[in-house]
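Chemist: One structure, as structure tokens, below. Some questions next.
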Amino acid sequence: MCSFFKNMMNQNKATGIWKEVVSIILRNRVLNLSIIGVITLFLGYFATGVGISHHLTRMLPEHDSTHVAYQNFRHVFGADGTSVFLGVHDPGIFDLDGYLAYYALTHQIADMEGVTEVLSIAGFYSLRRNPEKRQLEFYPVVPHKPHSQAQVDSIKSKLKALPFYGDRLYNLSNQTAIMVIMLDPEMINDAARIQLIESITGNARAYAKDRGVSVHFSGMPYIRTEITKKVQNELLLFVLLAMVIASAALFLFFRSFKAVFFPLIIVSVSVIWLLGFISLLGFQITILSGILPPLIIVIGVENCIFLLNKYHQEFRKHHNNIKALSRMVQRVGNATFLTNLTTAAGFAAFTITGNSSLVEFGIVASAGIIFVFLLSLFLIPIFFSYTRPPRLRHVRHLDSRSTKSVLRQIVVLVRKKRAYIYAVSLIFLLAGITGMNRLQTRSHIVDDLSTKDHIYQDIMFFEEQLGGVMPLDIIIDTRSPRGALRSHNLQKTDRLQDSLKTMTSLSQPLSMVEFIKFGKQAFYAENPAYYSLPNNRERGFIMSWLPQMEQVAEAGMLHNLTDSSMQLIRVSMQVANVNNKEMDHIHNKLNSTLTAIFPPEDYHITVTGGSVVSLKGSGYMIKNLKQSLLMAVIVIIILLALLFNSLKMVIISMIPNLLPLLLTASLMGFLNIPIKPSTVLIFSIALGISVDNTIHFLSRYRMELRANNWYIKPSVYQALIETGYSMIYSSCVLFFGFIIFVLSSFGGIEAMGYLISFTLIMAVLSNLILLPSLLLSLDRMVTTKSFRKPLLKIFNKPSELDSNENQ
């Protein structure tokens, strides 16, 4: 690669390189096809084993304090977020028939492999005294299936008499039952989780159908499983849609079966290479990498359009098929390489983020773009060298009246209405700045789900019932063994929990305090009036009656409340699906409350949990994605500088590409689309793709300058006509290729669909109208000697090519 660049930077060798490439391609067709076939079989084998990621994406670097605290928490207390919540709104659930159906569902789920415990109104525990052992013991309140309404009424009365459960299992005000299903932590990151979740939801939906009631699901295992299934389904959907769009576009433009069939073979092989490469590197498909196969299809078709257009243009001149294929590679091969390189650079910028999923995405995407370029470059000439030359109807698209008419109107506009063009551009610029100032950075714990999606609607249901389902924990280090059981620490924790109950975005907290209150109530014959912490007189004998901590796990909800030395107090709760600003407010309020109750000099407090890590990770990703966008701009500027060897021309070439990005940011501001990880990456992708048109146009412009003795006006107009067809065709394909993503159920992918489509339309208009206008207005100011002698040479004089071919 380094020697390739060195040779390209040498103008005398530029033409020779692509002449050698043509020779390698066309003189070794069978060998090339054999090599590509072997690579395809090799990567195809690995592609069959590519999997969908079942893990939560690590968004923070390993050394980050929030990540370290969370890993320490998991080491002591085990994985959080291992519960699935099942909610049923059924006014008749405490009728005998309704209760028996719910009882059957509870035990069906409890008997499933991978379920460790189920808590519901048909399966919950209480404490009672055992005088012989002088100890409190857990016992199931519903030891067997009830047979009468009186037994069901008794169970309901018992539940009401246990303040510990509160609204956790049954909300009396709206008659909603909540089932808490605890899963084996070993299954959380395993593919078997999908089958388990499907079994749980399948049984629950069958119950709901029989009862004629609605059922809702939530909890991190369920949410992650549903998202994994959506990624898998959407991957297939978008690949099929991209193929359909590619086929339709190619046939519409070229009116030829082979101009459709061969590019589809190329993009299909490219997708196999991409998936095989993902598997070969040990990566898995995520929400992000799931968009790459259809994206590669679209970019591959764009390459084929540029190559086929040039092939048809050359063939129409001299009707020599091999000569046309040779000139196609020599005249647009280098430009196509550099346009793919700039697109790859836009994706490769993600590798500097430090986020594992984005680094993988950047590596795979940039490699996939290089794959599809190489396959297009080799297979288009090989395939078409074996076929009959194009007929008249196959090249008739070059005389398309509609496209010609559009290009002529653009030429007239550029020639006579440049003042209007600049006025409109200035208006767009001011609108862009205004809209961009309205942009806000906002991300949620569970982000990118459409508000219409059933997962999101179920999250809202549980927020109303429980306050939230996203795990949040406060760890209080008392700095002394058995400090968790000391009276003053328990009282402080009780004060903290009273404060937490006033926060509407949090569920009821659970800690050692609730366990001890539960024990005191049991000691006094399960009288709910005694649900409180023991006073100094009661403390000694009540604490001695409490069950050992290993027995506490039998109660399901009361496991892992402290560490083995009883130095740590864990206050566990769930938080609503808040955004980063709301979480900052909660965190600040928590910090002030914690500091007031637990002086920092005596206690060490950690606020952690999956919700905290998720939002901190989103903020980290946004920061790094902004840096990657800046890096993409710098890399593309360097490539343009090597290509055009003129600072003025680089500045001119960036204007029609940065203005669409500004307009996209403005659109986001006016439509209240926030800056979050899934929307920030749009800009790097769009910039890498949109700059392709600039490279093709300016490269052709320089060639026309040589052909027209450096007269600028005819060169601009001719370059516009020559490249306009491919720019319009490829932009149409890209537009429809990206617009399919609006069908995604992920808000970020949906936004990517219409925002990148909008950016690309603005970019092609800007390159067709604004860029030629700037060249004509600035005239000799930008068309300098340095521009005439680039470091990277794209086109030579037509005469040079002709002479080389005739030798």
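Chemist: Accessible area, 1.4 Å probe, largest first: how do Ser690, Ser148 sort?
Modeler: Correct descending sequence by accessible area is Ser148, Ser690.
Chemist: Considering the options Leu720, Tyr103, Ile39, tell which one lies farthest towards the positive end of the dipole of the chain, charges being +1 on Lys and Arg and -1 on Asp and Glu at the Cβ, about the Cα centre.
Modeler: Leu720
Chemist: Convert each backbone phi in segment 261-271 into a coupling constant with the Karplus relation 6.51 cos²θ - 1.76 cosθ + 1.60 (shift: θ = phi - 60°), then list the ³J(HN,Hα) values in order as whole Hz, x for Gly and Pro.
Modeler: 5, 5, x, 5, 4, 4, 6, 5, 4, 4, 5
Chemist: Could you list, in their original order, any pairs among Lys145/Lys209; Lys133/Lys492; Lys230/Lys676 whose Cα atoms are separated by more than 27 Å?
Modeler: Listed pairs above 27 Å: Lys133/Lys492.
Chemist: Further, regarding this structure: Any idea what the dipole of segment 171-279 comes to, in debye rounded to 20, about its Cα centre with Lys/Arg Cβ at +1 and Asp/Glu Cβ at -1?
Modeler: Using Cβ point charges on Lys, Arg, Asp and Glu, segment 171-279 gives about 460 debye.
Chemist: Please determine, in degrees from 0 to 90 and to the nearest 10, the orientation of helix 220-254 with respect to the longest principal axis defined by the Cα atoms of the chain, where the helix direction is its Cα long axis.
Modeler: 20
Chemist: Moving on. May I ask you to give the percent of accessible area on the chain that is carbon plus sulfur, with a probe radius of 1.4 Å?
Modeler: Carbon and sulfur atoms account for 58 percent of the accessible area of the chain.
Chemist: Which of rounded, prolate or oblate describes segment 605-687 when judged by the alpha-carbon gyration tensor and an a/c cut-off of 1.5?
Modeler: Here segment 605-687 falls in the oblate category.
Chemist: Also: Got the relative contact order for the chain handy, in percent, Cα pairs under 8 Å and 6 or more residues apart?
Modeler: RCO, the chain: 19 percent.
Chemist: Okay, moving on. Using only the Cα atoms of segment 348-453, build the gyration tensor, take square roots of its eigenvalues as a ≥ b ≥ c, and label the shape rounded, prolate or oblate: rounded if a/c is under 1.5, else prolate if a/b is larger than b/c, else oblate.
Modeler: Oblate, because a/c is 1.5 or more while a/b does not exceed b/c.
Chemist: Same structure, new question: Stretched out fully, how many nm does the piece from Leu236 to Tyr139 gain, at 0.36 nm a residue minus the Cα gap?
Modeler: 29.9 nm
Chemist: Rounded to the nearest 10 Å², what accessible area does Val635 have for a 1.4 Å probe in the complete protein model?
Modeler: 50
Chemist: Right, here's the next one. Might you tell me the accessible area per residue for segment 563-708, computed with a 1.4 Å probe and given in Å²?
Modeler: That works out to 33 Å² per residue.
Chemist: Moving on. Determine the distance separating the Cα centre of segment 78-154 from the Cα centre of segment 254-288; give it in Å without decimals.
Modeler: 52
Chemist: Using the Cα atoms of segment 138-297 to build a convex hull, what is its mean projected area in square nanometres?
Modeler: For segment 138-297, averaging the hull's shadow over all directions gives 15.5 nm².
Chemist: Per residue, how much accessible area does segment 379-524 show when a 1.4 Å probe rolls over the protein heavy atoms, in square angstrom?
Modeler: Value returned for segment 379-524: 48 Å² of accessible area per residue.
Chemist: Whole-Hz ³J(HN,Hα) for each residue in segment 746-751, computed from phi via Karplus 6.51 cos²θ - 1.76 cosθ + 1.60 with θ = phi - 60°, x for glycine and proline: what do you get?
Modeler: These are the phi-based 3J(HN,Hα) values: 8, x, x, 5, 4, 4 Hz.
Chemist: How big is the convex hull of the Cα atoms of the chain, per residue, in Å³?
Modeler: 181
Chemist: By how many nm would the segment from Leu41 to Met112 grow when fully extended, if each residue of separation counts as 0.36 nm and the alpha-carbon distance is taken off?
Modeler: Length gained, Leu41 through Met112: 21.5 nm.
Chemist: For a Förster distance of 41 Å, can you work out the FRET efficiency between the beta-carbons of His587 and Leu280, rounded to the nearest 0.05?
Modeler: Computed FRET efficiency for His587 and Leu280: 0.45.
Chemist: For a quick check of understanding: with a 1.4 angstrom probe and all protein chains in place, what accessible area in square angstrom does Arg396 have, to the nearest ten?
Modeler: 140
Chemist: Something else now. Can you tell me which aspartates and glutamates have their Cα less than 16 Å from the Cα of Lys156? Leave out same-chain residues fewer than eight positions away.
Modeler: Asp90, Asp95, Asp97, Asp167, Glu526
Chemist: A further question follows. Ignoring everything but the protein chains, give the 1.4 Å probe accessible area of Glu62 in square angstrom, nearest 10.
Modeler: Looks like 130 Å² after rounding.
Chemist: With all protein chains present and a 1.4 Å probe, how do Asp473, Asp399 order by accessible area, largest first?
Modeler: If we order Asp473, Asp399 from most to least accessible, we get Asp399, Asp473.
Chemist: If you line up the long axis of helix 712-739 against the longest principal axis of the chain, both from Cα atoms, how many degrees apart are they, to the nearest 10?
Modeler: 30
Chemist: How large is the dipole of the chain about the Cα centre if only Lys and Arg carry +1 and Asp and Glu carry -1, each at its Cβ, rounded to the nearest 20 debye?
Modeler: In debye, rounded to 20, the chain gives about 4520.
Chemist: Leaving out ligands and nucleic acids, and using a 1.4 Å probe, what accessible area per residue does segment 78-216 come to in Å²?
Modeler: For segment 78-216, the solvent-accessible area averages 44 Å² per residue.
Chemist: Quick one, can you get me the convex hull of the C-alpha atoms of segment 576-617 expressed as volume per residue in Å³?
Modeler: Taking only Cα atoms, segment 576-617 has a hull volume of 73 Å³ per residue.
Chemist: Ok, one more. Say R0 is 22 Å: what FRET efficiency, to the nearest 0.05, do Arg482 and Arg74 get from their beta-carbon distance?
Modeler: Efficiency, rounded to the nearest 0.05: 0.40.
Chemist: Could you tell me the distance between the Cα centroids of segment 352-375 and segment 661-711, to the nearest Å?
Modeler: Spelled out, the Cα-based centre of one part sits 20 Å from the other.
Chemist: How far is helix 401-416 tilted, in degrees, relative to the longest principal axis of the Cα atoms in the chain, given as a value from 0 to 90 rounded to the nearest 10?
Modeler: Compared with the principal axis, the helix lies near 80 degrees.
Chemist: What value, in deg cm²/dmol to 500, does the helix sum -39500 (n - 2.57) over DSSP H runs of n ≥ 4 give at 222 nm once divided by the residues of the chain?
Modeler: Dividing the helical sum by the residues of the chain leaves -21500 deg cm²/dmol.
Chemist: Okay, next question. Quote to one decimal, in nm, the extra length available between Ser247 and Asp779 on full extension: 0.36 nm per residue of separation minus the C-alpha distance between them.
Modeler: The Ser247-Asp779 span can extend by a further 187.4 nm.
Chemist: Could I ask something else about it? As I understand it, the dipole of the chain uses +1 on the Cβ of Lys and Arg and -1 on the Cβ of Asp and Glu, about the Cα centre. Which of Leu240, Phe257, Ala641 lies farthest toward its positive end?
Modeler: Ala641
Chemist: Could I ask something else about it? Taking the Cα centre as origin and putting +1 on Lys and Arg beta-carbons and -1 on Asp and Glu beta-carbons, what dipole magnitude results for segment 380-426, to the nearest 20 debye?
Modeler: Dipole about the Cα centre, nearest 20: 220 debye.
Chemist: So, one more: Which order do Val50, Val22 take by accessible area at a 1.4 Å probe, largest first?
Modeler: Largest accessible area first, the list is Val50, Val22.
Chemist: Be a star and scan segment 722-748 for residues whose amide nitrogen sits under 11 Å from the point 7 Å along the Cα-to-Cβ vector of Ile761.
Modeler: Backbone N within reach: 735-736, 739.
Chemist: Name the residue farthest towards the positive end of the dipole of the chain from the options Thr606, Ala150, Phe373, assuming +1 on Cβ of Lys and Arg, -1 on Cβ of Asp and Glu, about the Cα centre.
Modeler: Phe373
Chemist: Same structure again: Determine the sum of side-chain charges near Gln465: Lys and Arg each +1, Asp and Glu each -1, restricted to other residues whose C-beta is under 10 angstrom from that of Gln465.
Modeler: Value of the local net charge: -2.
The values are calculated or read from the model by the stated rules, or taken from the named source; none is laboratory data. What you are looking at is a predicted structure, and each value in this text was computed from that prediction instead of being measured. Every residue, glycine as well, gets a Cβ built from its backbone with ideal geometry; the counts of neighbours run over all protein chains shown. Ligands, DNA and RNA are excluded from the accessible area calculation, which covers all protein heavy atoms including side chains. Shrake-Rupley method; radii C 1.70, N 1.55, O 1.52, S 1.80 Å.
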